Amino acid sequence: MKEARLASFDGGAAASNLRTLHHDGRDKSDGAYETNFILDRNCTQKTSSMVRLSNTTKPCSLPRRPAPQISSTCHGRLDPRPISDQAFLNSCARQLISYMTAHGYAAVLSPTTLMAPSSKEFASVAIFLFRQADGNFKFGAKTEDDVPTFFKQLRHPFQISKCTLYAVGSLHTWPALLSALTWLVQLYLYEEEAKCPAKEVHDRTDVLFITCASCAYQHFLRGDDIICNNLEHEFVSTVYRSLSEEHTKLRVLEQENAELDGLLKLMLKECEIRTPVHKEKVLRPAS
């Protein structure tokens, strides 16, 4: 036993409140143990504690609390699009400018503006696009409340936080907002295409793809990723089966074509043998 330190408490008289902390360090076969005794002035043991230490832990070190781990589900679904890629963002900006220019956006909109817009510029673009769905749409007292609500009503698959609208043009928030606006433009373009007269589709693979894509997208909006993956695998299997059937039919047609080609050659050969006799009869002068 050895005396480790002498501690003094301020709550009472110095002589009566003196405490002596003794330390007893013992090694066990499975690790080190540290025992602490708190004794009063008369060397009467008041409390004791034993702490097991690992072989690599220092006797005086305190255990660290593990750092908190934030799950990705706290922020909703993760966007699989490369929203941090500059090429993707440039493509989104071009689509946005093309749609808004074609649909009568009055203000000047350039790629430079869409690189880091101000809150006023974003509000102008957003309200123009929102009114394509609702002609009477108006922002309320707080734009940061109306924008997430609008996208949620249209079942945008990714969550838009209010925090992103406090600094829309920053490098951390604008890519997600630009991607959301582009998604809205693509939704409008799809609606316009759907209203056009239906085009007759003759290719069976195209019909399967359109059917699978329209069904899978509905489940994608609901967040049913497992069903989307199952539909994709089913579509691929169906296409492979269809291609296998087509290859089988092609081999049958090739075999029939080879047989017909052989028959044609045989008929042409017979025709060449009979042709001289026929010519001789035709060219012989009449008696």
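At what distance in nm do the modelled label points of I127 and F209 sit from each other, each positioned 7 Å from its Cα along Cα→Cβ?
Here the modelled spin labels are 4.1 nm apart.
7 Å from Cα along Cα→Cβ at both Q153 and H233: what's the point-to-point distance in nm?
3.9
Determine the order of E272, E254 by accessible area, beginning with the largest, at a probe radius of 1.4 Å. Show your work: numbers first, answer last.
Details: E272 130, E254 105 Å².
Ranked list, largest accessible area first: E272, E254.
Say each of M115 and C196 gets a label point 7 Å from the Cα, pointing the same way as Cα to Cβ; how far apart are those two points in nm?
Result: 3.4 nm between the two label points.
Given the pairs K152/K195; K162/K195; K142/K195, which are separated by over 28 angstrom at their Cα positions?
K162/K195; K142/K195
Rank Y188, Y217 by accessible area, highest first, at a 1.4 Å probe radius?
Numbers: Y188 15, Y217 90 Å².
Heavy-atom accessible area, descending, gives Y217, Y188.
Using a 1.4 Å probe on the protein heavy atoms only, what accessible surface does D145 show? Give it in Å² to the nearest 10.
50
Rounded to the nearest 20 Debye, what is the dipole magnitude of the stretch 119-222 about its Cα centre when Lys and Arg each give +1 and Asp and Glu each give -1 at the C-beta? Write down the numbers at each step before the final one.
Values: 11 positive and 11 negative charges, 67 e Å.
Using only the charged Cβ atoms, the result is roughly 320 debye.
With a 1.4 Å probe and every protein chain left in place, tell me how much accessible area M267 has, in Å² to the nearest 10.
110
Relative to the Cα centre, what is the charge dipole magnitude of the stretch 134-193, using +1 at the beta carbon of each Lys and Arg, -1 at the beta carbon of each Asp and Glu, and rounding to the nearest 20 debye? Walk me through the numbers on the way to the answer.
On the way: 5 positive and 7 negative charges, 60 e Å.
Rounded to the nearest 20 debye, it is 280 debye.
Order K249, K152 by their accessible area, 1.4 angstrom probe, all chains in place, largest first.
Details: K249 120, K152 160 Å².
Descending order: K152, K249.
Report the accessible area of V108, computed with a 1.4 Å probe over the heavy atoms of all protein chains in place, in Å² rounded to the nearest 10.
The value for V108 is about 140 Å².
The values are calculated or read from the model by the stated rules, or taken from the named source; none is laboratory data. These numbers were taken from a predicted model, which means no experiment stands behind them. Note that we place each Cβ from the backbone using ideal geometry, even for glycine, and neighbour counts take in every protein chain shown. Just so you know, the surface numbers come from the protein's heavy atoms only, side chains and all, with ligands and any DNA or RNA stripped out. Shrake-Rupley method; radii C 1.70, N 1.55, O 1.52, S 1.80 Å.
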